[in-house]
Amino acid sequence: MLSFIIKRLISGLTVLFFISIITFFVLRWMPGDPATLSLGTEGTPEKIAELQEVMGLNLPWYQQYYHWIQDLFSGDWGSSYVFGEDVMTLIIQRLPVTLLLAAVSMVIVIPFAFIIGIMSALFKERWVDYIARSLMQLGDAVPQFWLALIFLVFFASKLGWFPVAGYVGFDDGILASIHSVLLPAIVLAIGQVGPLIRIIRSSMLSSLEQDYMLMTQVNGLPKTLAIVKYALRGASIAPLTIIGMQLANMLAGAILVENIFALPGIGRLLLMTVEQRDLILLQGMVIFVTSAVVLVNILTDICYRLANPMIRFGGNHE
Amino acid sequence: MMEKLLQLEKVSIDDGLGRALIKNASLTIFQGEFIGIVGESGSGKTLTVKSALDLLPDHLVITSGVRQLLGKELNGLSSKDKRRLIGAGIGFVPQNTVVFLHPMIKIKYQMIDAYLYHIDNDKKQALKKASDLLEKVGIKEPKRVLNAYPKQLSGGMQQRVNIAMALMTDPKLIVADEPTTALDTVVQRQVMELFNQLNQSEGVSILFISHDLKIVKQFCQRMYVMYQGEIVESGETHEIFTNPKHSYTQKLLSLIPTLTNLSMDKFG
């Protein structure tokens with residue numbers, strides 16, 4: 001297991017290395033250099049040249065890259081020209097909002113997808129299954145931005161069940177905080193639930209057809225025990241990988257949802273950063289987001305191995 | 001009179017589209033018997049037995065006939081009663097050893113379920129019984145096997161686990177569906193000896209499905225021969241082997257390789 005974790009960490013770091021190179025070059029090749037942007041209307045050629053000197057933009061690219069990576073590791077991610085604050089501070093400020101949004105959304109998605117997926121498999125080709133599959137199609141087909149707006153108008157504005165915009169911090173109580181992200185979390189969940197239901201349904205169907213289910217019949221075990229202990233256990237592996245991927249997807253979903261609901265999270269920050277062409281902040285955020293995705297993937301792989309004795313004892317699957 | 005454990009009377013099964021798979025199969029097993037069902041692949045052996053244990057896939061239909069298990073008519077029972085009757089009264093040893101055990105659940109948690117549900121909801125007792133039975137089927141380190149996942153065991157070990165598992169509820173009848181197919185000859189012999197011992201010393205009836213005529217000849221007192229969904233011949237094993245009546249049985253028996261015809265083939 002330890003050697004597996006080390007291997008995964010090494011491959012994760014390799015991915016991050018390539019991402020850092022790509023980020024570095026793409027952002028440097030974009031028209032308009034950081035010094036000019038940073039000074040804005042006050043920029044005279046002399047001042048720009050001076051700032052370029054200070055920012056190290058005159059150095060050869062490999063030295064610039066080296067300094068940047070060195071700073072990343074020492075925790076100095078630079079400071080944003082737009083906000084005038086440390087990149088790290090900005091990210092840490094916004095992070096709880098996005099994490100809470102993703103967590104609440106997952107708490108909705110996972111039980112819902114398991115219940116619907118299992119029911120749909122157990123009652124295959126019956127009305128429960130038809131309804132579940134239609135809902136799945138609908139969830140996939142409805143654009144999230146549209147759904148977000150409809151929900152906003154109906155549940156927040158008309159019925160007043162939720163705040164129309166904004167985020168309530170943990171200081172005002174965890175429940176108030178959750179309540180403030182609940183509607184966006186539901187929107188995010190609807191977009192994510194379809195693929196998970198589908199994979200749970202198909203894993204469950206294949207598990208129900210396995211011969212070990214015949215043994216539960218021969219042993220005269222009650223249906224619920226057979227389904228929960230045997231069928232579900234056999235069907236739990238594939239959904240686990242999908243859940244990992246969906247956590248990563250949620251970051252993308254968060255950009256849209258946070259903007260519509262005016263939540264001050266990572267997604268909103270990312271969009272503002274791109275709009276304002278805040279290059280230092282942008283490269284910091286790209287590194288941060290990709291690291292998060294790589295980390296989630298490594299954790300998923302570890303969970304996958306822990307949950308699956310076939311791989312743990314299978315030998316040559318590393 | 002000896003107790004009838006299993007009886008099929010003129011059972012016919014079709015595939016739901018009107019095509020007959022089993023035609024008028026009748027079969028009886030008394031207490032203490034060791035019975036064989038032989039026939040080539042696809043002759044309907046497994047299907048016939050599955051119908052007796054109410055294990056047919058949903059799309060197959062029993063069109064006629066009576067099925068009795070441990071003195072009870074299956075059609076008259078609720079599905080819960082059927083489950084209890086079969087789960088507690090019959091042990092089943094499957095053919096394919098790998099997939100019948102759940103690959104992701106430790107052996108001990110699979111072995112004790114039927115005991116906990118049908119006999120006594122005492123986990124400690126159940127585990128002790130499982131351990132004793134594993135020892136009985138010739139496993140030297142029952143503790144290790146109980147804590148293992150199926151993949152950590154060899155094919156022969158898995159089949160022993162299957163047999164021990166079938167014995168957890170002290171069944172009167174064990175149905176073994178080609179239980180030695182995937183095993184090498186040494187393990188095959190050990191497994192058959194085990195069935196024989198259960199039959200001889202504990203009076204457990206065995207219904208043994210096989211296409212290996214030599215094994216059937218050696219162990220079974222009575223046998224049924226199946227061909228294209230029908231039972232074409234039945235009777236005492238030695239009687240059928242010495243005096244086969246049906247042309248299919250005659251053909252089947254002539255295919256058994258013996259030392260004499262092997263050497264004749266070789267030396268012409």
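Consider A:Tyr304 carefully, then state whether it is in a helix (DSSP H, G or I) and open to solvent by 20 Å² or more (accessible area, probe 1.4 Å).
Taking the combined requirement at face value, the residue satisfies it.
How about region A:55-68: which of its residues are in a helix (DSSP H, G or I) and open to solvent by 40 Å² or more (accessible area, probe 1.4 Å)?
A:Met55, A:Trp61, A:Tyr62, A:Gln63, A:Tyr66, A:His67
Please determine, by comparing only the residues of region A:1-35 that are open to solvent by 80 Å² or more (accessible area, probe 1.4 Å), in a helix (DSSP H, G or I) and of a type outside the set (Phe, Trp, Tyr), which one is modelled with the lowest pLDDT.
Going through the qualifying residues, I end up with A:Arg28.
Kindly indicate the residue of region A:99-152 that is under 22 Å from A:Ala254 (Cβ atoms) and aromatic (Phe, Trp, Tyr) and also surrounded by the fewest Cβ atoms within 10 Å (Cβ to Cβ) among those meeting that condition.
Of everything passing the filter in region A:99-152, A:Trp146 is surrounded by the fewest Cβ atoms within 10 Å (Cβ to Cβ).
Restricting to region A:201-212, name every residue that is open to solvent by 20 Å² or more (accessible area, probe 1.4 Å) and of a type outside the set (Ser, Thr, Tyr).
A:Arg201, A:Leu205, A:Leu208, A:Glu209, A:Gln210, A:Asp211
Being part of a strand (DSSP E or B), away from every other protein chain (no Cβ under 14 Å) and among the basic types (Lys, Arg) is the filter here; which residues of region B:29-72 pass it? Don't jump to the end; show me each part of the working.
At the first step, the residues of region B:29-72 found to be part of a strand (DSSP E or B) are B:29-30, B:34-38, B:61-69, B:72.
Next, from what is left, pick out any that are away from every other protein chain (no Cβ under 14 Å): B:29-30, B:34-38, B:61-68.
The one that is part of a strand (DSSP E or B), away from every other protein chain (no Cβ under 14 Å) and among the basic types (Lys, Arg): B:Arg67.
Kindly indicate whether A:Ile255 is touching a helix residue (DSSP H, G or I) at 6+ places or on another chain (Cβ under 8 Å) and without any contact (Cβ under 8 Å) to a residue 60 or more places away in the chain.
Values: touching a helix residue (DSSP H, G or I) at 6+ places or on another chain (Cβ under 8 Å): yes; without any contact (Cβ under 8 Å) to a residue 60 or more places away in the chain: yes.
Yes.
Where in region B:93-147 are there helices (runs of 4 or more DSSP H), lying fully within it, with 1 or more residues that are open to solvent by 30 Å² or more (accessible area, probe 1.4 Å), farther than 19 Å from A:Thr216 by Cα and hydrophobic (A, V, I, L, M, F, W, C)? Before the answer, list the steps.
On the way: elements: B:97-100, B:107-111, B:113-118, B:123-136, B:142-146.
So the answer is none; nothing clears 1.
Quick check: is even one residue across region A:264-287 closer than 28 Å to A:Leu2 by Cβ and within 13 Å of the chain's Cα centre (by Cα)?
Applying the first criterion (closer than 28 Å to A:Leu2 by Cβ) to region A:264-287 yields A:287.
Then keep just the ones that are within 13 Å of the chain's Cα centre (by Cα); that gives none.
No, region A:264-287 contains no residue that is closer than 28 Å to A:Leu2 by Cβ and within 13 Å of the chain's Cα centre (by Cα).
Are any residues in region B:209-241 open to solvent by 40 Å² or more (accessible area, probe 1.4 Å), modelled with pLDDT under 90 and assigned to a helix (DSSP H, G or I), and if so, which ones?
Across region B:209-241, the qualifying residue is only B:Lys214.
Out of everything in region A:196-221 that is outside any helix (DSSP H, G or I) and either at the interface with chain B (Cβ under 7 Å from one of its Cβ atoms) or at pLDDT 90 or above (or both), what residue ends up being nearest to A:Phe123 (Cα to Cα)?
Taking region A:196-221 and keeping what is outside any helix (DSSP H, G or I), we get A:209-210, A:219-221.
Those still in the list that are either at the interface with chain B (Cβ under 7 Å from one of its Cβ atoms) or at pLDDT 90 or above (or both) too: A:210, A:219-221.
Numbers: A:Gln210: 17, A:Asn219: 23, A:Gly220: 21, A:Leu221: 19 Å.
In this case the residue turns out to be A:Gln210.
Given (1) of a type outside the set (Gly, Ala, Ser); (2) more than 8 Å from chain A (Cβ to nearest Cβ); (3) touching a Lys or Arg at 6+ places or on another chain (Cβ under 6 Å), identify the lone condition not met by B:Met104.
Here B:Met104 clears every test but (2).
Just checking, which of B:Leu194, B:Leu183 is modelled with pLDDT under 90 and not in a helix (DSSP H, G or I)? Steps first, answer last, please.
Working: B:Leu194 fails: not in a helix (DSSP H, G or I).
Going through B:Leu194, B:Leu183 in turn, just one is modelled with pLDDT under 90 and not in a helix (DSSP H, G or I): B:Leu183.
Mind counting the residues in region A:82-103 that are in a helix (DSSP H, G or I) and among the charged types (D, E, K, R)?
Looking only at region A:82-103, we keep the residues that are in a helix (DSSP H, G or I), and these are A:87-103.
Cutting the leftovers down to among the charged types (D, E, K, R) gives us A:94.
The qualifying residues number 1.
Residue-wise test of (1) open to solvent by 30 Å² or more (accessible area, probe 1.4 Å); (2) touching a Gly at 6+ places or on another chain (Cβ under 8 Å).
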| position | (1), (2) |
| --- | --- |
| A:Val168 | yes, no |
| A:Asp171 | yes, no |
| A:Ile174 | yes, no |
| A:Ser180 | no, yes |
| A:Val193 | no, yes |
| A:Ile199 | yes, yes |
| A:Ala235 | no, no |
| A:Met245 | yes, no |
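What are the pairs, 6+ residues apart or on separate chains, where a residue within region B:64-81 that is farther than 18 Å from B:Leu207 by Cβ has its Cβ under 9 Å from a residue that is exposed (fewer than 12 other Cβ atoms within 10 Å of the Cβ)?
Listed by first residue and then by second, the contacts come to B:Ser64/B:Lys10.
Which residues, taken from region B:1-22, are assigned to a strand (DSSP E or B), surrounded by fewer than 17 Cβ atoms within 10 Å (Cβ to Cβ) and more than 20 Å from the chain's Cα centre (by Cα)?
Initial filter on region B:1-22 (assigned to a strand (DSSP E or B)): B:4-14, B:20-22.
If we keep only those that are surrounded by fewer than 17 Cβ atoms within 10 Å (Cβ to Cβ) too, we end up with B:4, B:9-10, B:20.
Residues satisfying the conditions are B:Lys10, B:Ala20.
Answer yes or no as to whether B:Val11 is of a type in the set (Val, Ile, Thr), in contact with a strand residue (DSSP E or B) (Cβ under 6 Å, 6 or more places away or on another chain), under 20 Å from B:Arg222 (Cβ atoms) and in contact (Cβ under 8 Å) with a residue 60 or more places away in the chain.
So B:Val11 fails the test.
The values are calculated or read from the model by the stated rules, or taken from the named source; none is laboratory data. Here the structure is a predicted model, which means the values were calculated and not measured. Here Cβ is always computed from backbone atoms with ideal geometry, including for glycine, and neighbour counts include all displayed protein chains. When the accessible area is computed, the model is the full protein with side chains, heavy atoms only, and any ligands, DNA or RNA have been set aside. Shrake-Rupley method; radii C 1.70, N 1.55, O 1.52, S 1.80 Å.
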